[in-house]
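Note sheet for the following structure.
The values are calculated or read from the model by the stated rules, or taken from the named source; none is laboratory data. None of the values given here were measured: they were computed from a predicted structure. Glycine gets a Cβ as well: all are built from the backbone with ideal geometry, and neighbour counts include every protein chain shown.
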Amino acid sequence: MTGDLHVLTQSLLGVLVLVVVATSVLWGYGVPHRFAPALAIARGAVQLALVSLVLSGVITDGRWVAVVLAVMCAVATWTATRRIGRGTATLGIVAVAVLAGAGVALLIVFATGAIELSPRYALAIGGIVIGNAMTVAALAGRRFLEIVDSRWEEVEGWLALGATPRQSTAELTRVAVHSALIPATDQTKTTGLVTLPGAFVGGDLRRPVPARGRPVPDRGARVHHGGRVDHRGRRGARARSGPVPADRPVLNGLSGPSRPGTRQLP
């Protein structure tokens, strides 16, 4: 219990220092919404604490997993809509984008058998895919509005020629989607060099380190009272009460004539 409390204290201290550093840098450069990262971390910590209590009871029930996934989609849609910044006017478009993107991906991986269809995996993979869909939708929407504002004269020109709003912004939409996919694409194509090595190292650090002590003989070996090891390993053979005769020492698991350098267990 004391060790867990010590680890928790160190983790909280590290996160607090990182938050202070990030906020200070944003403050120094006059970046707007400089407290957004700190508030996001605090909000995420509270959410993880609450969700961990809820998921422990629903992770094995498919019906409750479906409810949780629906809540995830709703929150992702609302978050991306707010990030785009056009009110509820784009709510329907964002909802369709999140549901279509996440639904197609989940349908393919479960229908092909790439991942076992179970409540546990549906919840885990579904959360990851919905989160990625939310990120791409928010980035694409914001980038689209920025491009339209910067190239409004071009849009007006197309409208003056009789093009529909969809036709006049079709090329800008493609550019916005491409820009939104850049972070995910770069992370995927550098997985073997950037992302997974860190995950592998983290997995190795979580493994218990074996304690160093006396060497353990193999399963077929029998230790005699004299300190030598008999590797004959015959079934039903009993350990001798005395040391191995000098004319038949055991070296590297093989009986043979006496040789210098015979090793004994300490």
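Observations on the structure shown:
- Here is the figure for region 83-115: residues that are in a loop (DSSP other than H, G, I, E, B) and surrounded by 11 or more Cβ atoms within 10 Å (Cβ to Cβ) total 3.
- Tabulated pairs, region 52-81, first modelled with pLDDT under 90, second among the basic types (Lys, Arg), C-beta under 7 angstrom, 6+ apart or interchain: Ile59/Arg120
- The listed residue being part of a helix (DSSP H, G or I) and either within 21 Å of Ile108 (Cβ to Cβ) or β-branched (Val, Ile, Thr) (or both), out of Gly141, Gly126, Gly157: Gly126
- Selection from region 139-163 of residues that are within 19 Å of Ala89 (Cα to Cα) and exposed (fewer than 14 other Cβ atoms within 10 Å of the Cβ): Glu146, Asp149
- Answer from Val177, Val148, Val136, Val109 - the residue that is out of contact with any strand residue (DSSP E or B) (no Cβ under 9 Å at 6 or more places or on another chain), farther than 23 Å from Cys73 by Cα and among the β-branched types (Val, Ile, Thr): Val148
- Scanning region 37-61 for residues that are part of a loop (DSSP other than H, G, I, E, B) and of a type in the set (A, V, I, L, M) returns a single hit, Ile59.
- Residue tally, condition within 21 Å of the chain's Cα centre (by Cα) and either exposed (fewer than 10 other Cβ atoms within 10 Å of the Cβ) or free of Cβ contacts under 8 Å to residues at least 12 places away in the same chain (or both), over region 1-50: 16
- Those residues of region 157-178 which are out of contact with any Asp or Glu (no Cβ under 9 Å at 6 or more places or on another chain) and either on the phi > 0 side of the Ramachandran plot or touching a residue at least 12 places away in the same chain (Cβ under 8 Å) (or both), in sequence order: Gly162, Thr169, Thr173, Val175, Val177
- Conditions (1) assigned to a helix (DSSP H, G or I); (2) in contact with a helix residue (DSSP H, G or I) (Cβ under 8 Å, 6 or more places away or on another chain): number failed by Arg34: (1)
- The listed residue being of a type outside the set (S, T, N, Q) and within 30 Å of Gly57 (Cα to Cα), out of Ile182, Ile108: Ile108
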